[in-house]
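Taking it in order: structure first as structure tokens, then the write-up.
The values are calculated or read from the model by the stated rules, or taken from the named source; none is laboratory data. A quick note: this is a predicted structure, and the numbers were derived from the prediction, not measured. Note that we place each Cβ from the backbone using ideal geometry, even for glycine, and neighbour counts take in every protein chain shown. Only protein heavy atoms, including side chains, enter the accessible area calculation; ligands, DNA and RNA are left aside. Shrake-Rupley method; radii C 1.70, N 1.55, O 1.52, S 1.80 Å.
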Amino acid sequence: ERYFPGSTFKVVTGSVGLQAGKVTNEDPVYKTATSYTPPQTTSAISNFGGRACGGALPEILRVSCNSAFAEMGQATIGPTDMVNGSESWGLNSAPPIDLPDPARSVFPTDVQNNPPKLAQSSIGQNDVQATPLQMALVAAGVANGGTIMTPHLMTEVRDSQGEEIEWYDENAWLDPMSPELAGVMRANMVNVVERGTATGLRIPGFEVGGKTGTAQIGTEPPTSHTWIIGFAGPPGQPATVAISVVVLNQPGASEFTAGQIAAPIARAVMQKILAVQAGG
């Protein structure tokens with residue numbers, strides 16, 4: 001199944017901006033605002049609860065600022081780099097997983113002359129659709145130095161005598177980001193867990209990065225799909241687990257909704273995996 005990825009997609013938008021050389025941790029600095037109105041429309045894209053936010057990439061990712069990321073995708077990055085950059089992360093392609101007919105996540109390609117659609121798409125709304133697997137691969141790609149490995153289920157096949165007759169060879173699928181710039185985004189995602197909307201993902205003794213997402217689905221009273229993506233590993237060492245969690249049709253529509261609902265699930269799963277990896 002595919003769903004609006006909401007603000008988890010801001011990791012893709014920010015990463016595309018970094019890789020395109022149009023965004024750094026210092027520039028541009030987006031003005032503090034409660035909303036952003038793209039060209040060709042009078043309909044503003046508002047921040048959750050009408051709050052004001054702005055700043056450079058680390059701050060707007062930390063607080064998940066809709067107005068800034070909508071402007072980033074539409075005005076700073078632009079349609080060509082947003083489409084090509086999103087596709088470099090696996091959107092619009094079927095992941096090469098060892099399962100039949102895997103779903104393609106989608107970033108719209110008809111945004112060249114449609115600034116409102118591009119702005120909405122840059123924050124994971126409009127026609128953007130993503131599978132939980134795709135967003136887990138985004139988190140893994142950031143944590144893995146900008147390389148997305150080929151996803152798989154099978155590790156090995158054994159015969160009736162218990163002998164290995166086939167095994168999985170690790171190989172890269174995509175390289176959407178340089179290791180240096182992936183390190184920048186990784187640090188920014190760690191900051192989201194330490195000081196931002198994903199504090200519910202913290203695991204004592206481990207370095208954890210993440211990004212919340214609350215995709216509004218247009219109901220009244222407001223409901224949303226709540227997301228979180230993240231990674232974790234020993235401090236100062238490569239991450240050893242990446243995760244994506246989506247909980248559907250939850251009451252509420254603020255960025256803290258995902259932090260309260262999806263984050264504890266992701267944390268519990270990652271804690272178990274880390275314990276198993278440690279031999280526990």
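Being under 18 Å from L57 (Cα atoms), open to solvent by less than 70 Å² (accessible area, probe 1.4 Å), polar (S, T, N, Q) and not in a loop (DSSP other than H, G, I, E, B), is that true of even one residue in the stretch 134-141?
Among the residues of the stretch 134-141, not one is under 18 Å from L57 (Cα atoms), open to solvent by less than 70 Å² (accessible area, probe 1.4 Å), polar (S, T, N, Q) and not in a loop (DSSP other than H, G, I, E, B), which makes the answer no.
Report, by residue number, each residue of the stretch 113-129 that is over 18 Å from G218 (Cα atoms) and of a type in the set (A, V, I, L, M).
Across the stretch 113-129, the qualifying residue is only L118.
Pick out, from the stretch 198-280, the strands (runs of 3 or more DSSP E) lying fully within it that include 3 or more residues that are under 22 Å from S64 (Cβ atoms), open to solvent by less than 50 Å² (accessible area, probe 1.4 Å) and touching a Leu at 6+ places or on another chain (Cβ under 8 Å).
The qualifying strands (runs of 3 or more DSSP E) are 207-216, 223-233.
Of the residues F256, F206, F231, which single one is of a type in the set (F, W, Y) and within 22 Å of G49 (Cβ to Cβ)?
F256
Restricting to the stretch 144-191, count the residues that are free of Cβ contacts under 8 Å to residues at least 40 places away in the same chain, open to solvent by 90 Å² or more (accessible area, probe 1.4 Å) and of a type in the set (A, V, I, L, M, F, W, C).
2
Output the residue which, of all residues in the stretch 162-197 that are β-branched (V, I, T) and outside any loop (DSSP other than H, G, I, E, B), is farthest from the chain's Cα centre (by Cα).
For the stretch 162-197, the residue satisfying everything is I165.
In this structure, does I229 turn out to be of a type outside the set (S, T, N, Q), touching a strand residue (DSSP E or B) at 6+ places or on another chain (Cβ under 9 Å) and at pLDDT below 95?
Spelling it out, it is not the case that I229 is of a type outside the set (S, T, N, Q), touching a strand residue (DSSP E or B) at 6+ places or on another chain (Cβ under 9 Å) and at pLDDT below 95.
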